[in-house]
Structures are given as C-alpha cells and as structure tokens.
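See below for the structure under consideration.
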Ligand SMILES: C[S@@+](CC[C@H](N)C(=O)[O-])C[C@H]1O[C@@H](n2cnc3c(N)ncnc32)[C@H](O)[C@@H]1O
C-alpha cells in the first residue's frame with residue numbers, strides 16, 4: 001500500500017472504498033505525479049468521482065449479469081476511472097480515449113499496469129469508427145463534448161454514463177431560448193449546472209435513450225450530477 005497518510009486518514013466513504021479496491025500507487029497513473037502528490041485535494045476529488053460513477057456502472061453490470069464487457073472512457077484525462085474498472089473487473093476490456101496520454105504509464109498504447117486497458121490518443125471528433133461497446137463513460141467532459149459523448153453512445157453503444165462539466169454549447173443556448181417551461185422551472189432553482197444537465201438529458205432522450213439522473217453528494221465536487229441512459 002503506497003497511499004500517503006494524508007489520504008489514508010481521510011474518513012470519507014468513497015475514499016475508503018477507493019483505497020480498498022485500488023491498493024496501488026494512485027499517483028503513478030497521473031500525468032504529473034511529482035506535482036499531484038502535493039495536491040491531495042485534487043486527487044481526493046478525482047477518487048470520489050471515480051467511485052460515484054463506478055457505483056452506477058456496478059448496478060448496470062449486475063442487471064446485465066456479466067462481468068465481461070467492453071467499456072470506453074471518453075475524454076478520460078489520466079484514465080483513473082479506466083484503471084479502477086480494469087482492476088475491479090479483470091474480464092473487462094477498457095479503452096481510454098483522450099487527446100494525449102502520459103508516456104509514463106503506457107507503452108504501445110497498452111497500460112503498463114493492467115492487461116485489459118488500451119489507449120486511443122485521438123481527437124474524439126475525428127473518430128468515426130469504433131468497436132461496439134457495452135458502456136460509454138465520460139467524467140467531466142467539457143461543454144459540447146458532453147453532447148459528443150451522447151452522440152458516440154448512440155452510434156456505438158446501448159448504455160452511457162456521463163458526468164457533465166463546463167456548461168454550454170451552441171445547441172444549449174438555442175434550447176434555452178426556445179424552452180420557456182424548462183426555463184421557468186429552472187430559474188426557480190437558479191442552478192445553471194442542473195439546467196445544462198437537464199438539457200443533456202433531453203438531448204439523450206431525442207436519441208432514443210431512457211434516462212436516469214442521480215445527484216451524488218458524496219462526490220467531492222459541485223459538478224456531481226450523473227446522467228445515465230439505456231437505449232430504448
Ligand atoms: C476536464 S478534463 C476531464 C478528464 C477526466 N475525465 C477527469 O475527470 O479527470 C477533459 C479532458 O478532455 C480531453 N479532451 C478535450 N478535448 C478533447 C477531444 N476533442 N478529444 C478527446 N479528448 C479531449 C482533455 O485532454 C482532458 O483530458
């Protein structure tokens with residue numbers, strides 16, 4: 001076990017869960033481990049997000065009754081989620097996609113740590129063809145990339161799990177101008193992030209997904225709404 005005491009002593013349910021299920025040096029799969037080691041708040045936030053999304057994935061997997069699946073993580077950043085899934089579901093095949101990965105934890109686009117993780121270094125907008133996936137997941141995809149996650153799920157999968165991040169896209173601005181009822185309702189709540197998530201849920205419905213929304217207050221971030229969808 002190589003977690004520093006600052007993390008080991010943190011008594012948060014999701015952090016405990018993460019450490020128990022991932023007893024490795026979590027910093028070794030960050031792009032700038034020498035910097036991140038000093039930034040415990042950052043890594044605690046990331047760990048809690050992984051667990052929030054993992055819980056949703058686990059429920060879907062339990063319903064599907066098989067632990068042999070293909071999962072894409074889009075806009076994966078350091079792919080912490082992919083590593084966590086690969087470790088906990090050794091029969092799975094996990095493919096992380098991002099513009100750039102660290103050379104420190106991959107070689108020939110395979111993970112140095114797990115046999116079942118692969119990396120695709122590419123602009124998601126340029127990816128036209130993918131092997132069919134059982135799940136498409138994205139944590140904190142920025143702006144219109146959240147819509148792209150739904151588009152890719154619609155093309156290449158039956159399930160997606162998405163935690164939106166930065167708010168906004170051209171389509172969203174148009175939708176807000178034209179959607180009086182949603183605007184009245186959400187002005188009462190006065191939370192732009194939830195309005196953005198609601199829009200994305202509507203967008204996914206238009207692509208024939210049955211949608212669930214979950215606010216997970218145990219994730220150590222204000223951007224804590226998980227949208228998950230199953231194709232109808
Ligand atoms: C906010 S970060 C989220 C990273 C990670 N999912 C997380 O939660 O830590 C957004 C990521 O999207 C990637 N990204 C941005 N535009 C992209 C694109 N067009 N195609 C693929 N990845 C992209 C960036 O490189 C970055 O790693």
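Quick look at the values:
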item	result
Cα long-axis angle, helix 192-206 against the chain (0 to 90 degrees, to the nearest 10)	80 degrees
Neighbour-count order for 142, 197, 165, fewest beta carbons within 10 angstrom listed first	142, 165, 197
DSSP-defined antiparallel bridges as percent of all bridges, segment 106-200, nearest 5	35 percent
Nearest-ten-degree value, helix 145-156 long axis tilted from longest Cα axis of the chain	90 degrees
Residue 155-residue 123 pseudo-label distance in nm [points 7 Å out on the Cα-to-Cβ vector]	1.4 nm
Label-point separation, residue 110 to residue 6 (7 Å along Cα→Cβ), nm	3.5 nm
For the chain, average projected area of the Cα convex hull in nm²	12.9 nm²
Antiparallel bridges, percent of DSSP beta bridges restricted to the chain (to nearest 5)	40 percent
Segments 124-131, 152-159 sorted - mean Cβ within 10 Å per residue, highest first	152-159, 124-131
Helix-only mean residue ellipticity at 222 nm for the chain, each DSSP H run of n ≥ 4 adding -39500 (n - 2.57), per residue, nearest 500	-12500 deg cm²/dmol
Residue with peak Gaussian network fluctuation, the chain [Cα springs, cutoff 10 Å], from 162, 44, 99	99
Rounded to 10°, Cα long-axis angle of helix 180-189 versus longest principal axis of the chain	50 degrees
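Laboratory data are not the source of any read-out in this text; all were calculated from the coordinates shown. From a predicted model like this one, the values you see are computed outputs, not experimental measurements. Here Cβ is always computed from backbone atoms with ideal geometry, including for glycine, and neighbour counts include all displayed protein chains.
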